[in-house]
Every structure is written in C-alpha cells, then in structure tokens.
Ligand SMILES: [Mg+2]
Ligand SMILES: [Zn+2]
C-alpha cells in the first residue's frame, strides 16, 4: 500500500510542515515502507470487534465548577516568542494555504 | 434594498448556534469565566495548551448541556464522548478543539415557534465543546483581511460552549428570527447563559439556500456569519434570501460560499476565502474518559427545570386571561414576566389592568431612564396597590399617573405619595350631591336637555362638577347623581 | 553499609541517613561527583541542577536534625527524563522546538517526589518527544551505554537508564509509550517498570500518545523501583485517566516469593526472534523461576505480532494532535514567516527532527479522510484483540515472561538509516502498552555473545503490580547479579 507524492503534499499541509523537496521524497519512501508493514492488520478478521480508545474502565470523571487562581499575565507571556499589549503577537492571519 | 423577487421560490434555512455557558470556571480547567478584562489574566497551563497539561471536564457545564437538551425535547445519550477536532488557528491553544462528534450529549429534538402559524423546527444535535481565544487584528482597517499582524488573548479560551444545530426546517428570515428569539428566551429562563449576542455569548450562523418552486434539489448552500443581534438575524437573512431570489430571477447560478453580514449597510458580502475541503481528522479524545449520565442524574436535572416560555405563555392566557400580543410583550424577557406575575398576584383582580399600567406607563418611564424593569424602584406590590387605590375610587386614573411618576423616582408607597401631594378623590355622595344641585341650578338649559333625554349633555354637567371640585369629585358618582336628579 | 555510596540502593541509603552514617548533602554531592566523572562519556543529562539539589539536600538534613516529619527516602536525589515538566527548570522534551522553554508548573510526579524530599539532580536525555529506541533522535545528541560507549543506551528514556546503570543517580524517572522505560533498562542492565495505565498521573508529562503514555521508574534494584513508583502513584484530580484510588502498597509483601505462581512463557515471537545470547539468558531465568517454585507453562499470544502495526498507527495518530500545539505562537521556537501559515509551517519544519516529522506525517495520514477506517479504526480493533487475548491468558496465568528486547544494545547509527528496523526494537514491549497492562524488566545477566546486559520481562494484568514485583524481587535476590562484580558496567 504505497503513498503518492500528492498525498505527501496534502498531508504535509494538514500537519503544517514546510518540508523541502527531498524531505518529501524521503518521506514518501519511508511512509510507504512503514505502511507496507502495518498493512498486515488488513488481513485480520475484525468483524464484531469494538475499537478500544481507552484501556482504563473509568466513566464520568468530572471536576466541580470551582475557580482556582490563574497565571499572571507576566507568567502567561513569559515564554512568548513575541508579545504586545499583554497579548501574544502573531503574523498576519490567513486562511489555510 | 429588499426588492421583492418575481419568481416563486422555496427558502431553506438551517441554523448553527453557539452558546457560551455562564459557569464559574472554564470547561476543562479552573480559570474563571468572565467577559473582557485585562488580556491573558485568566489562563493556566491547561487553557494555554502548555506541554503536559490535561483537561478535566466541568460537571456543571455537562449539567447545563443536558438541561438545554431537555428543554429542546432531545434524547439524552446513554454514552457520550469527546472528540478532538483538528485544525490550526492561532486563537486555539492546542490547535485542536475538544468537541463532540459521533456521540453528542443530546440529539433529535425540536422547538416550536409561533409566527402566525405554529411550526416545529427540528433540533439535530446539542453538543458541548470549548471556546477559542480572541484575536485583535492590528494595522489596516482592523479587519482580518488587510491587517498587518494579530494579537491573541486567551482569557476566553476554554469557556464552555454549547453548539445547537437545527434541521434545515426554517422557511423564512422571519422564522429564523423567531427561532433565535424563542431559543434565547429558553436559555435565559434556564439561566445557563448570559445570551448577550453583542458580547458573543450567543452566536448565530445560518445556512441559506433558495430553490425555484418545483425544483427538487437544494440550491447552493450559503453560510451567513456575523449576525450580532436578533434583529440582524432577521435583516441579514432577509437580505440574503432576496439576493438569492433576485440572482435566480436574473438567471445567475449561486455558488456555495461564506458571506459576512455588515450591520451598517444591512447587506452580506462574500468573504472570498479559498473554499478548500476541511479535514478535521476527528478522533476520540484520549485524555477524557467516556461520559455516561445516569438516568437518576438526568431525572434530577429534569426535576429542576424552570417553567419554559411556551408553558408560561399558555398559563398567562389561561390564568390571567391575557391576549397573545400582551403575552408576547411580557414573556419576551423572563424577568419582565416574573415582575408582572408578582404584581398580578399581589393585585388579585383583573390582571389586564396591571398589564396596561406596565406596557402603557411603566415601559415609557423605563425607556426614558434607560433601565430594565427589574432595576426600577417600583415594586410589583406597589403597582398592585396603586391600581387598588384607583378601584376604590380613592384617586383618579389621571392622578395615579402622577403618583406612579413619583413612585418611579423615589420608590415610595402610592398611598403615602397621594396623601403627600394632596391627591384624593371625593367619593362621598353627600358632599358631591350639594355641588350637583348647584351645577343644575346654574345650568338650567343643559339640565332641560338632559330631562328631554339628551344623555350626551350629562358629560358637560359632569365637567362642571369636576371644575367646581377642582377635579376631586369621583366622575362616575357625579354622573350617576345627575342622571337620578334629571330623570 | 556498602563502602561506595553511588553503588548503594536507595533503601540502604535511606537506612544510612536514618543512622546518621551519612548526610543527604554528602550523598547528593557523591552523586554529583559521579555524574561529573561519567557525563563526558555518557551525555545523559540535558540539564543539571546541582546547586538546587544540594540546597534541597541540606534542607532535608535540617528536617532530620530537627526531628521533623520526613518521608522514608527524604534526601535521596532523583533525576527526571526531560519530558517531565519542572517549574523554573528548562524542559525541552529533547526537541529544538522547546529548547528554551521554562515551565510555570511542576508535573504531578515531580511534585510528589519533591514533597517526599527527593532533591532534583537533573533532567535526562531522551529521543525527541520520546519517539525512538536509542536516544539518537534527541535534538541535543545521543547518550551512550555505560557497558559499551559505542552502543546506544536504548530509548527513549536512555539518559535515565545510562545514569542509573553508571551509578550516577540511585533512581530516575522515565516514560513509556511502547517500551521506552523497559527497553533502555534492559539494554543498560537495570530495573525498569511500565505501570498499569492510569496508576501514575500523566499531568505534566509532555504528551506523545495519550492513551499509551505512562511514567515509569528506573532503578538498580526491584525494591527501589517499587518504592519510587509507590511515591508518585495514586489518584490525581488533574488527570481524568488516572485511577481515582490511593497508591497501592508495593513494598509490603514484596519478599513473598513465587511459590505456586502460574507463569506463562511466551514461545513464538513473530518478527521478534531473540538473539541466541538473549534467548539463552532468559531461558536460564525461566529455569530459575521454576526452581523458586513458579509453575511454568507455554503461552501463545498470536496477536502480539500485530502489536507493532497497531502501535505505529495509534501512537503517531495521537501524536499528530498532541504535537500540533508547537506552532510558535505561545512558547518555544519560532521561525520567521510573512503570515501565520508560513510562520507555523517553517517553525515546525525547523523545530522538529526527522523522526517526529515522520510520525506526525504518518499519524496525520492515518487519521485523514478516507484512510481513518482502514488504519486508525482497524488499529483500535487490533488493540481490542490483544486485550482480549491477554485477558484470556490471565484466566489461567498470574504472569507472562519473555525477553524485554530481542537484542542487546546495538551500535550507534546501526538502525538510524532504517526507521522500520528501529520500530521493531519495541516488538516485545508495545503489546503491554496497547493493553494498558503492567510489566517490569529485571537484569538476568550478560549475553555470552557480547557481554552486554539482557533483561527478563515480567508482564502482569492491569493493577497486577504487587505480584509482578514479588516475582521480580524473588528472581533478583536469587540471581544476586546487580551487586556482583559482573553486574557493574566498566565505566
Ligand atoms: Mg462548534
Ligand atoms: Zn485555565
């Protein structure tokens, strides 16, 4: 089960990874190798077998609606690559490329 | 602007409504939920999406969502699950939104709107998710399109958000407006949200499509955004409906797009975004375990449900004998309805009188003062007392208006105010009879006309009695005495 | 007590402190000195906190002097894999994208161990975001195996394993997603534990694959590993998936022996045919367990061989979402870009290493429209299959044993060119993570083929830790390898 270059490009865009041309080439080969291996699960008969998302049999774990202290503005922005007026500064927002 | 179109068309509208819950803390962390405030002062590792942080669901938010589901006649699912909705946006700290997908908390309900005829609008689903932060667009006009850069504030990020999706059952802009108004009243009476559209705690998006009569398949779906008041929902969708009809009349083909409503021009304009297929890669949120509300819990929530607007309207008709127009005005806001009900109960008599005083007089004073009824100094019981004073004939309706004005400014008791102003009405037959005799003596021609059966002239004589008593005589009593004496 | 502090177990150090034979400051200094000797060869630390650790040690000594309440292990230093968030101490997750991130909070594990009085000596090296089996995927260079510096310590918790093996720290924390504690522990000849999913809070652990991640202790002795686990385990209101029960008592009855325990021996390995040297060592271990009174019988777990396939779909899928937050907006590395899409895409391309990008791509693909059912959906069903198979096995078994790793420590660079070969290092460990079961690796001597450590894996059902530790302890005590001259790496 291979993966073509167009799919690599599409997935890279979804994942927001600006990969170079040869990175994409290598990615295509490596993903194909890995997918060839994992595709063996296609041969299993899984009819009537429910998917497992959680292994702990817990249910209804919730917290009471209580307010706890927040970080200060300084703490919140301490690691910001760029900030202005107490806010995180980001380049112009455009729709997904 | 909205010129009627010539062809006959069917309009199909579906709404997607986001409601911010008014819980004390956020959906998945303990940061406070509030509007505005200094930017980034209500964040923590969880709602900032810091490495290693984990969400824990707010029980109250789940309870509120079940409440909304029950109010909209939905089925509450036995097992619900949160999913991750994956897409990048700088106001979304984790670059995925914890939302719901296959197993929303509530689904398959309906809401009745009465706009002329009563119609039932299907509710597809009611699910719980987290809100995003807020972007401020700097440079340019402040609109995202031509801004130079943006600034992110995550105070709102993680606020509990309920998404309500309707079936495409709505047939006109007016029905859409009515639906949002009714939903807003329901949410307000449930007390689960501030429902302030201008503050974004109630956000409405609509999918509008128009197709020619007989045409079987739906027209191109147009998504309309940025409707910031119930009124603008009506205006925006009416504009959009007409725009699409006119386009079809002109033989144009409509394209699927997202359009932005502009409050000032009252028109919608295309956002011209690259329409590229989103791929949200939903999968079950591994950080949150499944959620199975017990029947006992759902029942206990159901038992705490307040009377909803529809039921209350029915009761106002049966219990107080009010007409539809009065009921609509009173129940537009639960607070007003509560106030009316207290006054009417305190009064005990014909509630219509209370309604008239609220609508005809109190609302006027409130508008001038620019305040809401609950905030006024006039207590419901005080209005009831005022009406009783009129009934007993202690003061006239004219005088009562003066008293109400005083009550509104000082919050005083009507009886005391009337006394202090020397406002009273003479209802002692003996005292009035003397004046009546004087008036008959002073106006023989008029008296004769009445004796001759010209009842209309009694009005003139009553006027004379009122003049002599400087308005304090009870006019009803005066005309009764005149009639007896001149028959 | 033992002449050498740095070869002494945490239990014996605790006793020595109790007897005032040594001070916390002295023994902390001893481990700082030892780290100084070996760090140049191992490159196992990413951050050192020597000064703070000594301060914490002196505070511990003051508590002892004043007779204030102290935990049993108060004053014994610890190190954390650099994926545990530490307030005020740079936490990188082994990635350039977090190179200078200083967290405003502590992970629950760190919080509890600090509350117990354990001085934090440093943050250890790992494969970037715990994605790897050799530490060669660390953005800051690989660590080395103290048994042979030309070989990997295993991974992703390789830094912790190397330091414990070299006696530079009595014990350390690592994390597991598919074997990241057990495999390096095995390759470095120390004890490593993968607890039941939900036994230890994940709060403050940089997330790789949320439904698989678990914190796990590494130590030179089974009892020390049990003690460190007990210290941090138990309910945490900050983690919805953490079992809301108090920590189990793991030391109590640890010396109960294996008499009568029913132990299944895994015999078919699919892709994971162990090296002869590994096989001979674990077979000796089986015999030893039998001699100690365990009832051995063969067990077949055919779906195990599908574990790697399911794992390499589920883990990358969850990772693709967990790592989406590294976008250059709120913290971490940011590349230049004219608009948000360009900035974020460059930040991630420059900030993530090759393996992380590979898995983010794989996971994004496995979840994307049209492929979900064939990949992620199917993998989650295989996961159910593996759980059911293990549950059936536990009907007649208390524990299951097999090698921890099919090979001993491999050479640096040996598998970097071939991602799949690297993935197959986890073939005997991933099934345990997929099923949320517990497992431990205990050294069972050196492979006669290359004189490198071999680990025996003991697998237990969910919350079967007590029995698991009992068996591991009995085996360790009878073998007596760890304190023998042979159990000491050359470094
Ligand atoms: Mg939504
Ligand atoms: Zn928060």
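None of the figures in this text is laboratory data; all of them are computed from the coordinates on show. Worth saying up front: this structure is predicted, and the values here are computed from it rather than measured. A quick note on method: Cβ atoms are made from the backbone with ideal geometry, for glycine too, and the neighbour counts reach across all protein chains shown.
Can you compute the label reach from residue A:33? Point 7 Å from Cα along the Cβ direction, backbone N cut-off under 16 Å, restricted to segment A:1-27. Residues passing the 16 Å test: A:1-3, A:23-27. At a Förster distance of 30 Å, what's the computed FRET efficiency of residue C:21 paired with residue C:259, Cβ-Cβ distance as r, to 0.05? Step by step, r from the Cβ atoms, then E = 0.25. The alpha-carbon atoms of segment C:190-304, seen along their principal axes, cover 44, 35, 24 angstrom, with the largest extent given first. Between the alpha-carbon centres of segment C:444-461 and segment C:135-173 there is a gap of 17 Å. The value of relative contact order for chain B, using C-alpha pairs under 8 Å at least six residues apart, is 14 percent.
Beta bridges per DSSP, both residues in the protein assembly as shown: antiparallel share near 80 percent.
Rounded to the nearest 0.05, the FRET efficiency derived from the C-beta distance between residue A:94 and residue B:171 at R0 = 51 Å is 0.85.
In chain C, helical runs assigned H by DSSP with n ≥ 4 each contribute -39500 (n - 2.57); averaged across all residues and rounded to the nearest 500, the mean residue ellipticity at 222 nm is -11500 deg cm²/dmol. With respect to chain A, whose longest principal axis is taken over its alpha-carbon atoms, helix A:21-38 is tilted by about 60°.
Mind sorting B:260, B:127 by how few other Cβ atoms lie within 10 Å of their own Cβ, fewest first?
Working: B:260 18, B:127 24.
With the sparsest Cβ surroundings first, the list reads B:260, B:127.
Quick one: C:28, A:72, fewest Cβ neighbours within 10 Å first, how do they rank?
On the way: C:28 25, A:72 14.
Lowest to highest Cβ neighbour count: A:72, C:28.
With a Förster radius of 30 Å applied to the beta-carbon distance between residue B:215 and residue B:117, the computed FRET efficiency rounds to 0.80.
If you wrap the Cα atoms of segment C:64-186 in a convex hull and average its projected area over all directions, you get 8.0 nm². What's log10 of I(q)/I(0) for segment B:385-479 at q = 0.11, 0.17, 0.21, 0.25 Å⁻¹, Debye sum over Cα points only, no solvent? Log-scaled intensity ratios, in q order: -0.39, -0.74, -0.95, -1.18.
Run the simple label-point estimate for residue B:75 and residue C:290 please: 7 Å along Cα→C-beta, distance reported in nm. Modelled inter-label distance: 5.8 nm. Compared with the direct C-alpha span, the chain from residue B:381 to residue B:196 gains 63.6 nm at full extension, assuming 0.36 nm per residue. Segment B:106-131 and segment C:232-279 have Cα centres spaced 51 Å apart. Plainly put, chain C has a radius of gyration that is 0.95 times its Kirkwood radius, both from alpha-carbon atoms, as the Rg/Rh ratio. In angstrom, the C-alpha Rg and Dmax of segment B:173-257 are 15.0, 48. With helices as the sole contributors, chain B gives -11500 deg cm²/dmol at 222 nm; each DSSP H run of n ≥ 4 counts as -39500 (n - 2.57), and the sum is divided by every residue.
The relative contact order of segment B:317-407, computed from alpha carbon pairs under 8 Å that lie at least 6 residues apart in sequence, is 28 percent. For segment C:2-145, the percent of C-alpha pairs falling in each 5 Å distance bin, counted from 0 to the bin holding the largest distance, reads 2, 10, 18, 20, 19, 15, 9, 5, 2, 0. The long axis of helix B:457-468 is offset from the longest Cα principal axis of chain B by roughly 90 degrees. For chain B, the longest principal axis of the alpha carbon atoms and the long axis of helix B:380-391 meet at an angle near 30°.
The Rg/Rh ratio of chain A, with both radii computed over alpha carbons and Rh defined as the Kirkwood radius, is 1.15. Quarter the surface of the alpha carbon convex hull of chain B and you get the mean projected area, 32.4 square nanometres.
Say each of residue C:369 and residue C:68 gets a label point 7 Å from the Cα, pointing the same way as Cα to Cβ; how far apart are those two points in nm? With each label point 7 Å from Cα toward Cβ, the separation is 6.1 nm. Pairwise alpha-carbon distances in segment B:118-223 exceed 17 Å for 67% of all pairs. D by Stokes-Einstein for segment C:365-490, Kirkwood Rh over Cα pairs, 20 °C, 1.002 mPa s: 126 µm²/s.
The value of relative contact order for segment B:16-132, using C-alpha pairs under 8 Å at least six residues apart, is 21 percent.
Hey, what's the Cα Rg ratio for the protein assembly as shown versus the globular rule of thumb, 2.2 N^0.38 Å? Walk me through the numbers before you get to the answer.
On the way: Rg = 38.1 Å, N = 1075, 2.2 N^0.38 = 31.2 Å.
The value comes to 1.22.
Here the label points at residue B:352 and residue B:250, each 7 Å from Cα along the C-beta direction, are separated by 5.2 nm in the simple model. The spacing between segment A:62-97 and segment B:399-478, judged by their C-alpha centroids, is 71 Å.
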